[in-house]
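Taking it in order: structure first as structure tokens, then the write-up.
The values are calculated or read from the model by the stated rules, or taken from the named source; none is laboratory data. Only a predicted model underlies this, so the values are computations on that prediction, with no experimental measurement involved. In this analysis, Cβ positions are derived from the backbone assuming ideal geometry, glycine residues included, and neighbour counts consider all displayed protein chains. For accessibility, only protein heavy atoms count, side chains too; no ligands or nucleic acids. Shrake-Rupley method; radii C 1.70, N 1.55, O 1.52, S 1.80 Å.
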Amino acid sequence: MTTRKIAAIVATAAAAALALSACAPSAPTGGASTSPGSATLTVATTTDVVNFNPLVGNSRTDYWVTNLMYPHLLGIANDGSKEPQLATKWGYLNPTTGYYDIRTDMKWSDGQPLTAEDVAWTLNATKKDKPAGTLYGQLADFVSAKAVSKSRVELTLSKPDVTLVDEIGFWGNIVPEHVFGKAPSVATFANDGKDGSGWVGAGPYTLTKYQVGQSYTMDRVSDYPLAPGGEPLAAKLVFRVFPDINTEILALQSGEVDMIANALPPAQVSKLQSTNGVKVAESEGLGYAHMAYNMKNADLAKLDVRQALAHAVDYDAIRKVVLQGQAVSTGSSPLMPVLKNYYDPSIKEYTYDTAQARSLMQKAGYTAGSNGMFPVKFRLIYSLQDSVTAQWVTMVKDSAAKAGIEIDLQGTDRNTYLALTAKGDYDIYAGNFAIMDDPVTNMQLTYLPGGVINYSYVDDPDLTALIDKGAVTADESARVKVMQDAAKIVRDNVYDNIMYTQNLYFAYSSKWTGFVSKPSELLSIVNSISVASAHPAG
Amino acid sequence: MTDKSVDLQTAKARALEESVGAEPIVRDDGRAAAQTWRAFRREPLGMISLGVLVLLTLIAIFAPLIAPYPPSYGEAVLKPPSAEHWFGTDSLGRDVFGEVVWGSQQSILVAVAASAIAIVLGTFVAVVGAYFRRLDSVISVVVDLTLSLPVLPLMILVAALVGPSTATIIAVVAAFSWPEVTRLVRSQALTVVRLPYVDAARLMTSSPLWIIGRHIVPAVTPVIVVSVVVTASRAVLSAAGLAFLGLGDPNVWSWGRILYEAQQSGAMSSAWWLTLFPSLAILLLVLSATLLSITYNDARNPRARR
Amino acid sequence: MFVLPRLGRGLLTIWFAVTVTFLLLRLLPGDPALAIASPNMTPATREVLLQQYGLDKPLIVQYGIYLWQILHGNLGISFTQSIPVVDVLMQRLPWTLLLTGTALVATVIVGIPLGVLAASHRGGLIDRLVQIVGVTGQSIFVPSIGIFLLFMFGLVLGWLPIGGAYDENVYGLAWYGSVAAHLVLPALSLMLVQLGSYVLTMRSTLIEALGEDYIVLARANGLSYRRVLWKHALRNALLPTTTLIGLQLGFLIGGAVLTETVFAYPGIGRGIYEAVTQLDFPVLQGAFLFLAITVVVANMLTDIVYGFLDPRVKKS
């Protein structure tokens, strides 16, 4: 081979290398700060931010990041009741007018003050543009909002709804009108920081840069009244993306990340608790796992069959083995123990009793064949992405088989699962809700005919009457009594088989301290107060 | 002196064959099979590989006699290997040894089924194309186009959209494996078709099926054997990869499922036995299959025999 | 002309990939509106979303619109992220190229000498050992070896970082160092998997070439075995290696999803997996278009290089 050819090849290779390096990433500029309180808190997460617009964004990391930039009016206490955050006072002036009084000391990171105008604008724009996020789902009875002063917002409702103010306050992020208002619609506004000068948030941290699949960097907002001391302690917060939880755990142990934001799988909790250098914080679960029996199926329309199924589940074994003891029973009722005001200890969980299940089936008119199985078959759907549920559905199938009831498991990916659910294409639905903080709202959605999460297709006039009454009962203790009656109906008729509330555990490095735990995976120790208070230990 | 000019297609095909250890040679000699077997028997590596494959197949067939079917849960969660649980237990307390033994059924079934479909389809297309020259250019274009599609992303796409089930996995793996078989077989078939005895056969009969069945297929059989093994072993890895991403059949035990559940429960970083044993099983199957094909190939090629 | 038919072939390949993706996404089950929506969404809002995505139009119309957009360089807007697809892909592309390129270079550097070693000791123990090493690499399940490497080198020994493409809070020259450190383990995993093909190819080509007449003649003329071997090896290495690179590139770029998942490397493979789970049609279509273009370009380049190197190749 001639030198000419060799030279040509080398030239080609060099050209290719140059072309590649042209689109190769280049080093960032800037230097490290050496001032005190200059630590960086690195948080591991399994997914990227899908959408930076809190009114649209749906995934966990979306919530975690945008919660640190766009405040909520209300926070939540460990018993599910609402606490002041951006709003200091809230309530109703009359059954169809609500109000929030907000703090006057909050500012956006570009210096503009955060006023009631922003609050009113956020709610009105959401109602008008219909973005596909959680807030819009809360606005059914909301008509409009008006800022009557710099610190007071009044809401107009289309009909009396005693929980609307609380729910909007807890679920809605408030966004800056002067930034989001520039877009033609909040439903399509990407908020990716590309137009103009980056992101504008109210703290405690605001996004400064990100690399998809790698990291999201947030800088401290120095004036954050909600942090103890008025200033967040860590200078920077970095979310690092690890698609595989095993790599996350290794990175925590090696010190490359300081905290894991997603909840630990139950089997890893005790292992990490006894690992050197790692601590585990507990966060109250605010939701529940359940199975709904589709009453459009002729067999499941019979109360005896549903009760038989309820007696054919080994709840204790599930909580012990799958959840490793990290779950509590709710007494088969939607009023979980964590909701201290609503919980009714007199509502008892169904016992695991296959003999009882069999006799109920026989009472309903079914006769077992020679193999001991009744002539029924139910198709159970669940999401494969939900690893905890995926583990206990096999146990449900096996224990139902012992009672002579055949269950077919259909595990699918999340999108197919959502599609099947929307169409009602299942006999048994297995899943869980992360946050069911307000019984009235939740029961409206779950047990009223036509409710968006009414997965058992229940239409019980007594139950409907109670729920409607609860929605307009302003006095809390009276409302509690009404909802408890409703819960009894749900439990006795097995309109919903609520199996447990899972308490969640989060791992962090023992080099850090100061985290404040709040309920649910959306808040846990990654909520704004917690990260603002976190600092290196020792 | 043979014509050394090559066109790029053939060059690519040759590179492909060489990368899987197959070489294009033609044997029209009936004693070839016996000679091949004798050469093969002398090669310890080949015999060991064959033995391992037979052993794994036997384990799959006789699984019920070897270990009880894994229960839905057990009391001892995430325990390392012990006398009671040879491969330890997983995050639901189930016996990993039983999972591996029973998982061999699904893993081998998917591999065999997917490669069988791929082989039949791929060989049919290749042979038809080699014999009917008019179809050949169309076929080779289609094969090239399909080969240029990104395999794993498309498998992920289809499996995710259609839903995880054994049938989906088999169909998806087969659909992306057949073009490579066609390419391998085609270059061999093309060489055979040009041989004088095929021309002679064409004089004797006008039935293409007879010629294809009697002369061409036997001549390409060695390449097919190599393809079977290579495709099947790749199928095992593809199926395990899809299962690992959560796209495998969740109702059946497979080696990929053991790894998937280990990954989901965060146990891969600490419970080494959950990762090791199914990975070893995959390694053994794929390794022995590939070594078998290499030694078989060396055995049938007189130039490579020692 | 050398280039024109190749260009035509390339465009055909790209068109084929794009059409297959388009059809698969729309004909197979899967509803992107539901994937985006929150649980409280009403059916009416879902209709609005479908309209926004243009999914309510007949298939042939959607296809026509899509092709028209591509020809104008418009890859559409991501369903989930509301930003242009080009931006979504360009964020990941550099890292994919870096990882793939490094893995390829490493594979070639290690694979060729190993192939030469095997061929020169042909039939002996070393030959078999090299073959076994190569084949074993091909048979390893990538996530398992990945976690093991991270555990060993990241946690136990602490020599290399765990996950990601670079360190935060590192600037200037040190940043490039951290990129290199983060590249080691994922590229090593990819190399182990690819190695077998190169080793075996190299070995086969060399064995065949070493039997040829002019080699015997060269040796008869007194040239040492070693010199003949290496000179001949390098010359013959380039041809099949070039072809193999072309063949493997397509696989590597899209198929590194398992590696990227375990090592948390921000490449396109992982990006495709996430777009699949979110049913983000525009991103998926754009990604497959990118992959097809890359494969076509890579194949064209290798064809050109091959034609350049091997005078025996017919130029038509």
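Across A:152, B:94, the residue with the most accessible area heads the list, and the full order at a 1.4 Å probe is A:152, B:94.
Placing unit charges on each Cβ (+1 for Lys and Arg, -1 for Asp and Glu) gives the stretch A:310-430 a dipole about its Cα centre, and among A:419, A:339, A:391 the Cα reaching farthest toward its positive end belongs to A:339. Only Lys, Arg, Asp and Glu carry charge here, each on its Cβ (+1 for the first two, -1 for the last two); on that basis the protein assembly as shown has a dipole of about 4600 debye about its Cα centre. The angle between the Cα long axis of helix C:225-255 and the main principal axis of chain C comes to about 10°, on a 0 to 90 degree scale. Under a Gaussian network description of chain B, with springs only between Cα atoms under 10 Å, the residue in B:62, B:176, B:124 that fluctuates furthest is B:62.
Annotation: amide H of residue B:248 within the under-5 Å range of B:243, sequence separation 5 or more or interchain, hydrogens built in the peptide plane.
Between residue C:280 and any residue 5 or more places off or on another chain, the built amide H atoms are never under 5 Å apart. Using the Cβ-Cβ distance between residue A:478 and residue C:56 with R0 set to 35 Å, the FRET efficiency works out to roughly 0.15. Kindly identify chain A as rounded, prolate or oblate by the Cα gyration tensor criterion: order the square roots of the eigenvalues as a ≥ b ≥ c, call it rounded if a/c is under 1.5, otherwise compare a/b with b/c, prolate if a/b is larger, else oblate. Because a/c hits 1.5 or more and a/b fails to exceed b/c, chain A counts as oblate. The sum of -39500 (n - 2.57) across all DSSP H runs of n ≥ 4, divided by the residue count of chain C, sets its helix-only mean residue ellipticity at 222 nm to -25500 deg cm²/dmol.
Taken across both chains, chains B and C shield about 5100 Å² of accessible surface from a 1.4 Å probe. Could you please state, rounded to a whole Å, how far the C-alpha centre of the stretch C:53-93 is from the C-alpha centre of the stretch C:246-261? Taking the Cα centre of the stretch C:246-261 as reference, the centre of the stretch C:53-93 is 24 Å away.
Among B:112, B:228, B:252, the largest mean-square fluctuation in a Gaussian network model of chain B, built with springs joining Cα atoms closer than 10 Å, belongs to B:252. Surface burial for C against A, with a 1.4 Å probe and both sides summed, reaches about 4900 Å² of accessible area. Label sites at residue C:227 and residue B:83, each approximated as a point 7 angstrom past Cα along Cα to Cβ, lie 6.9 nm apart. Classify the stretch A:164-260 as rounded, prolate or oblate from the Cα gyration tensor: take a ≥ b ≥ c as the square roots of its eigenvalues, call it rounded if a/c is under 1.5, otherwise prolate when a/b beats b/c and oblate if not. Note, shape of the stretch A:164-260 comes out prolate.
Once you have a ≥ b ≥ c as the square roots of the Cα gyration tensor eigenvalues for chain B, tell me rounded if a/c is under 1.5, and otherwise prolate or oblate according to whether a/b is larger than b/c.
Prolate.
Going 7 Å from the Cα of residue A:97 along its beta-carbon direction, which residues of the stretch A:150-173 have the amide nitrogen within less than 11 Å of the resulting point? Answer for this model: A:154-157. The sum of -39500 (n - 2.57) across all DSSP H runs of n ≥ 4, divided by the residue count of chain B, sets its helix-only mean residue ellipticity at 222 nm to -23500 deg cm²/dmol. For the stretch A:247-280 and the stretch A:288-353, what is the separation of their C-alpha centers, rounded to whole Å? Distance between centres, Cα-based: 31 Å. Inter-part distance, the stretch B:33-84 to the stretch A:89-108, computed on C-alpha centroids, equals 70 Å.
If only the Cβ of Lys and Arg carry +1 and only the Cβ of Asp and Glu carry -1, the dipole of chain A around its Cα centre is close to 940 debye.
Each label was represented as a point 7 Å from its Cα along the Cα-to-Cβ direction; for residue B:205 and residue B:109 these points are 3.9 nm apart. Between residue C:77 and C:85, the built amide H atoms are under 5 Å apart, and every one of these is 5 or more places off in sequence or on another chain.
For peptide C:166-176, the mean count of partner chain Cβ atoms within 10 Å of a residue's Cβ comes to 5. Excluding ligands, DNA and RNA, the accessible surface per residue across chain A is 36 Å² with a 1.4 Å probe. The calculated P(r) of the protein assembly as shown, using every Cα pair and 20 Å bins from 0, goes 11, 39, 34, 14, 3, 0 in percent.
In the stretch A:215-240, the residues whose accessible area drops by at least 40 square angstrom when the other protein chains are added to the isolated chain are A:240; the probe is 1.4 Å and only protein heavy atoms count. The portion of the accessible surface of the stretch A:411-485 made up by carbon and sulfur, rounded to a whole percent, is 53 (1.4 Å probe; DNA, RNA and ligands excluded). Per-atom-type breakdown for chain C gives carbon and sulfur 71% of the accessible area (1.4 Å probe, protein chains only). The lysines within cross-link reach of residue A:377, meaning a Cα-to-Cα straight distance under 22 Å and a gap of 8 or more places when in the same chain, are A:296, A:302, A:363, A:397, A:402, A:423. Span-like helix criteria (full DSSP H runs; alpha carbon extent of at least 15 Å along the helix axis; mean Kyte-Doolittle hydropathy of at least 1.6) are satisfied in chain B by B:44-61, B:96-131, B:151-162, B:217-244.
In the complete set of protein chains, residue-level accessible area for residue C:176 is approximately 110 Å², probe 1.4 angstrom. Using a cut-off of 21 Å between Cα atoms, the listed pairs A:348/A:481; A:320/B:79; A:107/A:518; A:340/A:518; A:128/A:150; A:130/A:194 include A:107/A:518; A:128/A:150; A:130/A:194 as exceeding that distance. Residue-wise HN-Hα couplings along the stretch C:122-131, as the Karplus relation 6.51 cos²θ - 1.76 cosθ + 1.60 with θ = phi - 60° gives them from phi, are 3, x, x, 5, 4, 4, 5, 4, 4, 4 Hz; Gly and Pro carry x. Taking chain B as a Gaussian network of alpha-carbon nodes connected by springs under 10 Å, the highest mean-square fluctuation of the residues B:43, B:84, B:180 belongs to B:84. Ignoring ligands, DNA and RNA, please state the percent of accessible area on the stretch A:185-284 from carbon and sulfur, probe 1.4 Å. Answer for the stretch A:185-284: carbon and sulfur cover 45 percent of the accessible area. Checking every one of the chymotrypsin sites (Phe, Trp or Tyr not before Pro) in the stretch A:72-169 against DSSP loop status and a limit of 15 other Cβ atoms within 10 Å picks out no site at all. Qualifying trypsin sites (Lys or Arg not before Pro) in the stretch B:168-271, where qualification requires a DSSP coil assignment and no more than 11 other C-beta atoms within 10 Å, comprise B:194.
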